Amino acid sequence: MQTSLSKADQKELIGLRRFFHSHPELKFGEVKTSARIQEKLKEYGYQPQAGMAKTGVYAMHSDNKGRCILLRADMDALPLQELNQVPYKSQNSQAMHACGHDMHMATLLMAAKHLKNEKISGNLKFVFQPGEEGGNGALRMIEQGILKNPKVEAAFGLHVWSQIPTGQVAVSPGGIMASVDEFELTIRGKGGHGAMPHQTIDSIVVASHVVTTLQSILSREIDPFDSVVVTIGKIQGGTTFNIIPEETVLKGTIRTMNKETWKKIPRLFERKIAGVTKAFGASYELKLNRDAPVTVNDPKMTEFVREIARDVVGSANLVNECRTMGGEDFAFILREVPGCFFFVGGRNEKKDYIHPHHSPRFNIDEGSLFVGVEMMKKIAKSYFSYFSK
Ligand SMILES: [Zn+2]
Ligand SMILES: [Zn+2]
């Protein structure tokens, strides 16, 4: 891939990514990160607006003609101790850019720098969003008006992706990242002596049946071509070997890839739990938090971004199908306006950049930064003529 960046800009871009990498901050605590973004945007001639969703920042490239698209980078790191031995290693304990959001910020900043002196026949809203990792920062920014004034008509975002080699870009239509639901289920039975189960309602036995029955949602009630994951990540009940506990608590997550299935899940889920607990004479309490909906790409926007990707990396390096059961809060933005979220390859086997996202050994090939910048720049430059009304 040819980069349009000068040697100095290439150096600056990598420097930015490394700065963010070595100063990771957790959701809604992105204070230094936010300050750095504002400083750079000012240096590039923008007037950044800070404070949305606490640490969020945005800046406008304005032609005052009304139409507007949004380009987004997320800002937060993960509560993780970095195990990579690199000069730009995380300087903060228990914080690491292990999802690649450092790459996203650097890329969008450099794209903004280059777009500053371009004539664009519409408005660009560069958005730096905090709290993606379980914080739903995108939702907060929407609630605080990020899609208004001027009204955003389409939105684009990228994620560096460790499963795809550097130099490739993946753009897929429809549901590309899963919805994220989180639940806590308390099963209430009747406690008693471990040797006299007939005098009790054993919450552990009921919980065990619930665990297996929940899996039958997937095998018996969902179209086999549809993807759903139900994972119980934690079971807690009892104190010792000879006591049947009154209560057992299950915690877990549900992921889906289809909007209709996502809507159906609470009803199906609760029906199973109610049936099983009733059969044993137990009761239950269910708390289900709907963290993020399915991230859905608009077909026309997908086609547009594919065309940009063909231009940037060539047809041979465009991956047409790439989906993951991981969640992404850009989903909230794509629920309001059409757009496209795409993956930029960052894998490099030779350099051992093969570790999955959220791993303490996660790292990316910095070649992905150049691809990211070109993608964002070309999207911004081509959108308004491609979709001329
Ligand atoms: Zn992540
Ligand atoms: Zn991420």
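The values are calculated or read from the model by the stated rules, or taken from the named source; none is laboratory data. Note that the coordinates shown come from a computational prediction; the quantities given were computed from them, not determined experimentally. Virtual Cβ from ideal backbone geometry, glycine too; neighbours counted across all protein chains shown.
Could you tell me whether Ser219 is exposed (fewer than 13 other Cβ atoms within 10 Å of the Cβ), of a type in the set (Gly, Ala, Ser) and either under 31 Å from the mean Cα position of the chain (by Cα) or modelled with pLDDT under 95 (or both)?
Against the criterion (exposed (fewer than 13 other Cβ atoms within 10 Å of the Cβ), of a type in the set (Gly, Ala, Ser) and either under 31 Å from the mean Cα position of the chain (by Cα) or modelled with pLDDT under 95 (or both)), Ser219 qualifies.
Residues that are under 20 Å from the mean Cα position of the chain (by Cα) and either within 16 Å of ligand 1 (Cβ to nearest atom) or closer than 25 Å to Asn363 by Cα (or both): which strands (runs of 3 or more DSSP E) entirely in region 48-141 hold 2 or more of them?
Filter on region 48-141 gives 68-74, 123-129.
Answer with yes or no whether Ile235 is touching a Phe, Trp or Tyr at 6+ places or on another chain (Cβ under 9 Å) and outside any loop (DSSP other than H, G, I, E, B). Before the answer, list the steps.
Values: touching a Phe, Trp or Tyr at 6+ places or on another chain (Cβ under 9 Å): no; outside any loop (DSSP other than H, G, I, E, B): yes.
In short, no.
Suppose the filter is at pLDDT below 95 and surrounded by fewer than 20 Cβ atoms within 10 Å (Cβ to Cβ); does Pro299 pass it?
no
Kindly list the number of the only condition in (1) modelled with pLDDT of 95 or more; (2) among the basic types (Lys, Arg); (3) surrounded by fewer than 23 Cβ atoms within 10 Å (Cβ to Cβ) that fails for Lys65.
(1)
Check whether at least one residue in region 307-322 is within 16 Å of ligand 1 (Cβ to nearest atom), surrounded by fewer than 21 Cβ atoms within 10 Å (Cβ to Cβ) and either within 24 Å of Leu158 (Cα to Cα) or under 22 Å from the mean Cα position of the chain (by Cα) (or both), and report yes or no.
Taking every residue of region 307-322 in turn, at least one turns out to be within 16 Å of ligand 1 (Cβ to nearest atom), surrounded by fewer than 21 Cβ atoms within 10 Å (Cβ to Cβ) and either within 24 Å of Leu158 (Cα to Cα) or under 22 Å from the mean Cα position of the chain (by Cα) (or both).
Which condition from (1) within 16 Å of ligand 1 (Cβ to nearest atom); (2) without any contact (Cβ under 8 Å) to a residue 24 or more places away in the chain is the one that Lys350 breaks?
Only one criterion in (1) within 16 Å of ligand 1 (Cβ to nearest atom); (2) without any contact (Cβ under 8 Å) to a residue 24 or more places away in the chain is unmet by Lys350, namely (1).
Every residue, every condition in (1) in the same structural domain as Ala111 (by TED's automatic domain parsing); (2) within 17 Å of Gln168 (Cβ to Cβ); (3) touching a Lys or Arg at 6+ places or on another chain (Cβ under 9 Å), yes or no:
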| site | (1), (2), (3) |
| --- | --- |
| Asp311 | yes, yes, yes |
| Gly314 | yes, yes, no |
| Asn320 | yes, yes, yes |
| Met325 | yes, no, yes |
| Arg347 | yes, yes, no |
| Lys350 | yes, yes, no |
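List, please: which pairs have Cβ atoms under 8 Å, are six or more places apart or on different chains, and start with a residue in region 359-380 that is among the basic types (Lys, Arg) and end with one that is assigned to a helix (DSSP H, G or I)?
Correct list of pairs: Lys377/Ala111; Lys377/His114; Lys377/Leu115; Lys378/Ile308; Lys378/Asp311; Lys378/Val312.
How many residues does region 254-292 hold that are of a type in the set (A, V, I, L, M, F, W, C), outside any helix (DSSP H, G or I) and more than 23 Å from the chain's Cα centre (by Cα)?
2
Has region 350-361 got at least one residue that is modelled with pLDDT of 95 or more, surrounded by fewer than 22 Cβ atoms within 10 Å (Cβ to Cβ) and in contact with a helix residue (DSSP H, G or I) (Cβ under 9 Å, 6 or more places away or on another chain)?
No: region 350-361 contains no residue that is modelled with pLDDT of 95 or more, surrounded by fewer than 22 Cβ atoms within 10 Å (Cβ to Cβ) and in contact with a helix residue (DSSP H, G or I) (Cβ under 9 Å, 6 or more places away or on another chain).
I'd like to know if region 156-175 contains one or more residues that are surrounded by fewer than 20 Cβ atoms within 10 Å (Cβ to Cβ), under 22 Å from Arg290 (Cα atoms) and either in the same structural domain as Ala331 (by TED's automatic domain parsing) or more than 15 Å from ligand 2 (Cβ to nearest atom) (or both).
Checking region 156-175: at least one residue is surrounded by fewer than 20 Cβ atoms within 10 Å (Cβ to Cβ), under 22 Å from Arg290 (Cα atoms) and either in the same structural domain as Ala331 (by TED's automatic domain parsing) or more than 15 Å from ligand 2 (Cβ to nearest atom) (or both).
Residues being under 19 Å from Gln94 (Cβ atoms) and either within 14 Å of ligand 2 (Cβ to nearest atom) or part of a helix (DSSP H, G or I) (or both): count how many of those fall in region 357-382.
Matching residues across region 357-382 total 4.
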